[in-house]
1. How about segment 103-133: which of its residues are aliphatic (A, V, I, L, M) and farther than 20 Å from residue 153 by Cα?
2. Sort through 61, 44, 102, 93 and tell me the only one that's in the same structural domain as residue 143 (by the TED database), hydrophobic (A, V, I, L, M, F, W, C) and farther than 30 Å from residue 147 by Cα.
3. Of the residues 123, 128, only one is in contact with a Ser or Thr (Cβ under 8 Å, 6 or more places away or on another chain) and hydrophobic (A, V, I, L, M, F, W, C); which?
4. Tell me which residues, restricted to segment 65-74, are modelled with pLDDT under 80 and within 22 Å of residue 53 (Cβ to Cβ).
5. Only one of (1) under 30 Å from residue 128 (Cα atoms); (2) out of contact with any Phe, Trp or Tyr (no Cβ under 8 Å at 6 or more places or on another chain); (3) modelled with pLDDT of 85 or more is not met by residue 89, so which one is it?
6. Would you mind telling me which numbered condition in (1) over 30 Å from residue 53 (Cβ atoms); (2) exposed (fewer than 12 other Cβ atoms within 10 Å of the Cβ) residue 102 fails?
7. Being modelled with pLDDT of 85 or more, more than 28 Å from residue 54 (Cα to Cα) and not assigned by the TED database to the domain that holds residue 41 narrows it down to one residue among 176, 137; which is it?
8. Is there any pair with a first residue in segment 26-42 that is under 16 Å from residue 95 (Cα atoms) and a second that is among the polar types (S, T, N, Q) whose Cβ atoms are under 6 Å apart and which are 6 or more apart or on different chains, and what are they?
Amino acid sequence: MKREALKEMGLTDEQIDKVMAEHGNTVNDLKKKVEDAKKVEQQLDDYKKQIDDRDKQLKDLSKQAEGNEDLQAQIKKLQDENDTVKNKYEQKLQQQSFDHTLEKSLSGAKARNPKAVKALLDMDTIKMDGENLKGLDEQLNNLKENEPYLFESDEGDGGTPGYSTGEHQNTNTQTDAFVSALKGE
C-alpha cells in the first residue's frame, strides 16, 4: 500500500497516517505468523533428519551384528525406542499443525480473544482434515450467534455504545403529578 495511491483517493494526510499505521499492524501480525510457520517447518525438518540418522545407524548396526543374538536383541530394543520417539515427534508435530491452523481460523473468524474462544470449543469434535479443521465452523457459528461479544462485528457502526441515560423514559406527566402529591409538594 502506497501513500500516493491513498492521496489519489482523496484522503487527508491524517487519514493516510491512520490507514498506514493500521496496515503496518496487519503486516507485522502476518510476518509473525509466517515466522512461526517457518519455525515449525524447521523443527519438522530437524526431527525428520534425526529420525533418518537413527534409522541409518540402526541398519548399519544390524548388519554388523548378524549372528549375535544379544546384540540383535539390543538392536530390536533400540528400534522399538526409535519408533516410540518417532511417534511422539509425529504427534507433537500434528498438534503444532492443529494449533497453528486453529489460531489461523480463529483469527480469520475475527475472534477478539482467541484463547477465550478456544476455551469454549469442544476440541474433541474438531479434527484435522488436510489443511482444514472439520467441526470448527459449526461451533464458531454457534458461538457467534450465542456469544457475539467474542467476535468483531462486520457491520461497523463507528463504535457507538448501545446504551441510554434513561432520561427519555420519564415522560408521563400524570405519574409526575402523583409522585409530587405523595411527596406533599
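1. Applying the first criterion (aliphatic (A, V, I, L, M)) to segment 103-133 yields 106, 109, 111, 116-117, 119-121, 123, 126, 128, 133.
Answer for segment 103-133, where residues must be aliphatic (A, V, I, L, M) and farther than 20 Å from residue 153 by Cα: 119, 123, 126, 128, 133.
2. 93
3. On the way: 123 fails: in contact with a Ser or Thr (Cβ under 8 Å, 6 or more places away or on another chain).
Checking each option against the conditions leaves just 128.
4. First, the residues of segment 65-74 that are modelled with pLDDT under 80: 65-72.
Residues satisfying the conditions are 65, 66, 71, 72.
5. Going through (1) under 30 Å from residue 128 (Cα atoms); (2) out of contact with any Phe, Trp or Tyr (no Cβ under 8 Å at 6 or more places or on another chain); (3) modelled with pLDDT of 85 or more one by one, residue 89 breaks only (2).
6. Going through (1) over 30 Å from residue 53 (Cβ atoms); (2) exposed (fewer than 12 other Cβ atoms within 10 Å of the Cβ) one by one, residue 102 breaks only (2).
7. 137
8. So the pair list comes out as 40/96.
The values are calculated or read from the model by the stated rules, or taken from the named source; none is laboratory data. Note that this is a predicted model, so its numbers are computed, not measured. In this analysis, Cβ positions are derived from the backbone assuming ideal geometry, glycine residues included, and neighbour counts consider all displayed protein chains.
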